[in-house]
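To start, the structure under review is shown below, and the notes come after it.
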Amino acid sequence: MPEKSWFFAMKENELNEGKIGFARVKGTPVILVKKDDTIHSLYGKCLHMGCRLSKGNFIDDYTLKCGCHGWEYDIRSGKYNGDDNTALEIYENKIEDGEILILL
């Protein structure tokens, strides 16, 4: 397995509290969400039909609902609310010099 590296996703000031940001990092769709000053970064497509989760909306503080067919995910764990064994991949992130970097 290749060694992981840090890659630029977006500027920190482009990600507003409670909003969904989208970036394509090394060809991988990633959503970024800032909640209570914590940045959550997850695989950016729904596991059901591949719809962009950046087009979804929050139904509570940490539950993101896919805009296509209503699949719901916890942004803290990536888990699909309909099956504990199904989850979006979560990506480690960090901020350096005002940039959000994703470990891929």
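Remarks
- A single entry from 53, 15, 64 fulfils the requirement of being of a type in the set (A, V, I, L, M, F, W, C) and within 19 Å of residue 99 (Cα to Cα): 15.
- Region 42-61, subset in contact with a helix residue (DSSP H, G or I) (Cβ under 9 Å, 6 or more places away or on another chain) and hydrophobic (A, V, I, L, M, F, W, C), residue farthest from residue 78 (Cα to Cα): 46
- Cross-chain or 6+ apart pairs with Cβ under 6 Å, region 46-66 first and under 13 Å from residue 81 (Cα atoms), then among the β-branched types (Val, Ile, Thr): 62/75; 64/75; 65/59
- Within the chain, strands (runs of 3 or more DSSP E) holding 3 or more residues that are of a type in the set (Lys, Arg): none
- Each residue in region 17-28 was checked for being touching a helix residue (DSSP H, G or I) at 6+ places or on another chain (Cβ under 7 Å), within 13 Å of residue 75 (Cα to Cα) and surrounded by fewer than 20 Cβ atoms within 10 Å (Cβ to Cβ), and 0 pass.
- Candidate set from region 78-99 (those that are surrounded by fewer than 16 Cβ atoms within 10 Å (Cβ to Cβ), in contact with a strand residue (DSSP E or B) (Cβ under 6 Å, 6 or more places away or on another chain) and without any contact (Cβ under 8 Å) to a residue 60 or more places away in the chain); member that is farthest from residue 28 (Cα to Cα): 81
- Which listed residue is at pLDDT 95 or above, surrounded by 15 or more Cβ atoms within 10 Å (Cβ to Cβ) and touching a helix residue (DSSP H, G or I) at 6+ places or on another chain (Cβ under 6 Å), from 75, 39, 31: 31
The values are calculated or read from the model by the stated rules, or taken from the named source; none is laboratory data. Not measured: the values here are computed from a predicted model. Here Cβ is always computed from backbone atoms with ideal geometry, including for glycine, and neighbour counts include all displayed protein chains.
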